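Okay, so here's the structure we're looking at.
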């Protein structure tokens, strides 16, 4: 077995939680059950990884088997990467029967016709998701197995999820291979990114549910005694709370929200003043970048109004992320309107 293959397998095993190594090796299927029985999974991971490598040497593992093990790990832990969503388009509305063998053949042929030093591996999962792993080289160097691109394509849909560690010059080659292999005409990025691959799928496939509630009012006995004695104020507060909850449901729904960690807004506008005042002479637009980030941004936004930290409803620019399927926005000034009116294309 090649030394680089042995080292790659060792590092892949080291990335796995110790209590999940056996399960992932069983999914891999490269080692026999008898070989797995010889492994001591209670020892430190370094020792486990070396024992796995020794067994792989007995089986003469190559980079193809090592790549499959890496795909299995990334399928279990997709949130280790940042995923971007791409949408493909075709001219007609006709549907075609998807042929996985034909897809693989076209994808490999297209990519290798442009770049010889590249390794490509596929693995199909039960939800019709095809996972593609690409390790890129150059005309003069072997593929770098530690900087790989991952593509998840659901057959019979126009959506592709890409997590790329790739030179900018290679990304068009990847997109061209996808378009040719899936019989589409073109492909474009949707400006929608997240670590949570499943949440991105929920957004573009319109499958997130509506059964979620974030606001839990305090029991009456926990409120100040003076407030208890003023029934009018209590009723006003109750009405206001119910209004906020109703508006929140209309904007966010009641179900679990897709997990998005950030939203980015680029603002471009012009300062305007009376020409006689001669305050602003520059014709260049004013630009700024605003980025909101949170472990679960949409849930955080939904909790602002009930917590009294923002008025309800929030700005559509913050709440439209699932509907518009994007979390990157460019805000420009509307032409012909008053200063301060903006539009996000």
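None of the figures in this text is laboratory data; all of them are computed from the coordinates on show. Note that the structure is a prediction, hence the values are computed from the model and not measured. Cβ atoms come from the backbone with ideal geometry, glycine included; neighbour counts cover every protein chain shown.
Take the alpha carbon gyration tensor of segment 80-203, find the square roots of its eigenvalues, order them as a ≥ b ≥ c, and report rounded if a/c is under 1.5; if not, report prolate when a/b exceeds b/c, else oblate. Note, shape of segment 80-203 comes out oblate. Using only alpha-carbon positions in segment 65-122, the gyration tensor eigenvalues give semi-axes of 25, 19, 13 Å once each is multiplied by 5 and square-rooted (largest first). Computed extension length for residue 269-residue 239: 6.9 nm, one decimal, from 0.36 nm per residue of separation with the Cα-Cα distance subtracted.
Projected label points at residue 26 and residue 147, each 7 Å from Cα along the beta carbon direction, are separated by 3.8 nanometres. When only Cα pairs below 8 angstrom with a gap of at least 6 residues are kept, segment 1-158 shows a relative contact order of 18 percent. Pull out a ≥ b ≥ c, the square roots of the eigenvalues of the alpha-carbon gyration tensor of segment 3-76, then state rounded if a/c is under 1.5, prolate if not and a/b is larger than b/c, and oblate in the remaining case. It is rounded, given that a/c, with a ≥ b ≥ c, falls under 1.5.
Going 7 Å from the Cα of residue 44 toward and past its Cβ, which residues in segment 1-23 have a backbone nitrogen under 18 Å from where you end up? Zone members listed by number: 10-19. The label point for residue 334 and the one for residue 91, both projected 7 Å from the Cα toward the Cβ, are 3.8 nm apart. Take the alpha carbon gyration tensor of segment 2-155, find the square roots of its eigenvalues, order them as a ≥ b ≥ c, and report rounded if a/c is under 1.5; if not, report prolate when a/b exceeds b/c, else oblate. Note, shape of segment 2-155 comes out prolate.
Each of 138, 148 was scored by other Cβ atoms within 10 Å of its Cβ. Listed from fewest to most, they are 138, 148. Stretching residue 205 away from residue 288 to a fully extended chain increases their span by 26.7 nm, per 0.36 nm per residue minus the current alpha-carbon distance.
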